[in-house]
């Protein structure tokens, strides 16, 4: 069975600074990887996903993530954060061919310092 | 309306009450899901429906009873809940469950407080 770990519970960065949120997964086969964002009082919204191909994936809102098989990681990055990026970020890993097998991490709460 | 809509957004109930959460999707999807989101814990998948048939039930207590009358509507019936059931209940939909080419579309959630 697959699993996903987000080591950082809470991160604070200054507005305009770069951001990297960590995600490590465990899965025996090629994983399907996702990053979702949850703004306060909202549901989850997909930022980006990796299924195969180029290991650097571009998403919405200026986010990108890089799949590193050797490190079992799928870290989320953004070169310059905006105050509106303050939210909870969830990494998720899915098993092949089953949307019902997506496993979510515990989330990383991002705060933005003015 | 578009997307996934959940009602009510907030619900407070006693342990002896019976209430229901409602979810409606306007995306033409065939699969719908209930997730439980508790503080400091990963999202927990509760139920999965595909074309109105339950395809997954992740050891959820019987005090939670799902109903999917059609592919656009999903209910979660609640009775004799416990305080530890207080959480945000999220509904989601996807094109189907068999292929992971799409994404999960989430509603805004129903915040449940059990007194």
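Read-outs: derived from the displayed coordinates by stated rules, not from any lab. Everything numeric here is computed off the predicted structure, so don't read it as measured data. So basically every Cβ, Gly included, is an ideal-geometry build from the backbone, and we count neighbours across all protein chains shown.
Compute the length gained on full extension between residue A:111 and residue A:18: take 0.36 nm times their separation in residues and subtract their Cα-Cα distance, giving the result in nm to one decimal.
Gain on extension, residue A:111 to residue A:18, equals 32.2 nm.
Along each of its three principal axes, how wide is the spread of alpha-carbon positions in chain B, in whole angstrom units, largest first?
Cα extents, longest axis first: 40, 30, 29 Å.
At a temperature of 20 °C and a viscosity of 1.002 mPa s, determine how fast chain A diffuses translationally according to Stokes-Einstein, using the Kirkwood radius over alpha-carbon pairs as Rh; express D in µm²/s, rounded to the nearest whole number. Present the calculation step by step, with values, prior to reporting the outcome.
Working: Rh = 14.1 Å.
Roughly 152 µm²/s, to the nearest whole number.
Distance between the C-alpha centers of region A:33-104 and region B:1-70? Whole Å please.
23
Suppose R0 equals 25 Å. What FRET efficiency, 1/(1 + (r/R0)^6) with r the Cβ-Cβ distance, do residue A:60 and residue B:73 give to the nearest 0.05? Kindly include the intermediate steps, with their values, before the conclusion.
Numbers: r = 28 Å, r/R0 = 1.14.
Once the sixth-power term is evaluated, E becomes 0.30.
Once you place label points 7 Å from the Cα toward the Cβ at residue B:59 and residue B:18, how far apart are they in nm?
For the pair residue B:59/residue B:18, the computed spacing is 2.9 nm.
If you build a Gaussian network model of chain A, linking Cα atoms that sit under 10 Å apart, which residue out of A:28, A:53, A:41 swings the most?
With Cα springs under 10 Å in chain A, the top fluctuation among A:28, A:53, A:41 is at A:41.
Counting each pair of different Cα atoms once, what's the Kirkwood radius of the protein assembly as shown in Å, rounded to one decimal?
Details: mean 1/r = 0.0551 Å⁻¹.
Computed over the protein assembly as shown, the radius equals 18.2 Å.
Let me know the shape class of region B:25-71, please: from the alpha-carbon gyration tensor, a ≥ b ≥ c as square roots of the eigenvalues, rounded when a/c is under 1.5, otherwise prolate if a/b is greater than b/c, or oblate.
Values: a/c = 2.46, a/b = 1.52, b/c = 1.62.
Here region B:25-71 falls in the oblate category.
Over region A:14-98, calculate the relative contact order: mean separation of alpha carbon pairs under 8 Å at least 6 apart, over the residue count, as a percent. All intermediate terms of the calculation are to be shown ahead of the outcome.
Values: 162 pairs, mean separation 35.9, N = 85.
The value is 42 percent.
For region A:44-94, what does the convex hull of the Cα positions come to per residue, in cubic angstrom? Walk me through the numbers on the way to the answer.
On the way: hull volume 4.7 nm³, N = 51.
In region A:44-94, the Cα convex hull volume per residue is 92 Å³.
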